[in-house]
Each structure stands twice: as structure tokens, then as C-alpha cells.
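Asker: Please see the structure below; I have some questions.
The values are calculated or read from the model by the stated rules, or taken from the named source; none is laboratory data. Owing to the predicted nature of the structure, the values given are computational and were not obtained by experimental measurement. Quick reminder, even Gly has a Cβ in these numbers, built from the backbone with ideal geometry, and neighbours come from all protein chains shown. What goes into the accessible areas is simple: the full protein's heavy atoms, side chains included, and nothing from ligands, DNA or RNA. Shrake-Rupley method; radii C 1.70, N 1.55, O 1.52, S 1.80 Å.
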Amino acid sequence: NDHLLSVNVRLRADLEDKNATIGSLSAARDQSKKEASMLKHTIYSMERQMDASKKELHLQTNVISGLRGELLLKDHEYNELLEERNYLEKEVLACQQLKLESDSPKKTVGSTQYLPPECRVIQ
């Protein structure tokens, strides 16, 4: 009888240990489920942020491409204006030279008959 009582006490102690272990494992499982849920939420949130970043990157890439196109057009326009300015500067120098030659004492003072119309100065 004492032996049975001793076995019974030992078995109850083992059962309490096993119940405590089951409780700990159950709490750990619940905690793991919560952490897994939080990680899934974090991953979902990061995926949304990544999608938004990809969309923004795509938009910015399009903006940059547009600006590059505008820059090329402006560069072309600048080069055309630069060529025109250089041409006009040469024309002005040529007209000034013709005017100096026409104002020399060898020619009639004030005469513009030898100057092309674009070089004549109206006073």
C-alpha cells in the first residue's frame, strides 16, 4: 500500500511537471504565433512600401527621361542661337568695316550708296 501511495505521489508529480511543460510549450506556441503574425504584417507592410517605391522610381525615371529630352532640345536651341549670334557678330564687324571705309576722306562724307542696306546706319 505504501508502495502504491509512493508510486501515486511520484506519478502525480510527473503529471504536474508534464502539465507545467505543456503550459510552457503552449505559451511559447502562442508567443510564436503572435511573432509570426507580426512578421507577416511587417512583411506585408514592407511589400506595400516596396511597391510604392517602385511606382515612385518609375515616375521619377519618366520625369528624368522627360527632363533629358528637354535638355537636349534646349542644348540644340542654344547651339543654334550661338551660331546665329556668331553669324550676326561677323555681319556687324563686316558692316562696321564697310562703314569705316565709306567714312574715309576718299569718299563722300555721309554717303551710304556703297553700303548694303543692312549695313546703313539711319541717324
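Asker: Run through the stretch 1-95 and list the GluC sites (Glu not before Pro) located in a DSSP loop whose Cβ has at most 11 other Cβ atoms within 10 Å. Could you put the intermediate results ahead of the total?
Answerer: Numbers: sites: GLU16, GLU35, GLU47, GLU56, GLU70, GLU77, GLU80, GLU83, GLU84, GLU89, GLU91; in loops: none.
Answer by residue number: there is no such site.
Asker: Rounded to two decimal places and with Rh computed the Kirkwood way over Cα pairs, what is Rg over Rh for the stretch 1-61?
Answerer: Working: Rg = 25.9 Å, Rh = 15.9 Å.
My calculation puts Rg/Rh at 1.63.
Asker: Rolling a 1.4 angstrom probe over the protein chains, ignoring ligands and nucleic acids, what is the accessible area of VAL9 in square angstrom, nearest 10?
Answerer: Looks like 90 Å² after rounding.
Asker: So, one more: Express the accessible area of the stretch 2-55 per residue in Å², computed with a 1.4 Å probe while the remaining protein chains stay in the model.
Answerer: On a per-residue basis, 93 Å².
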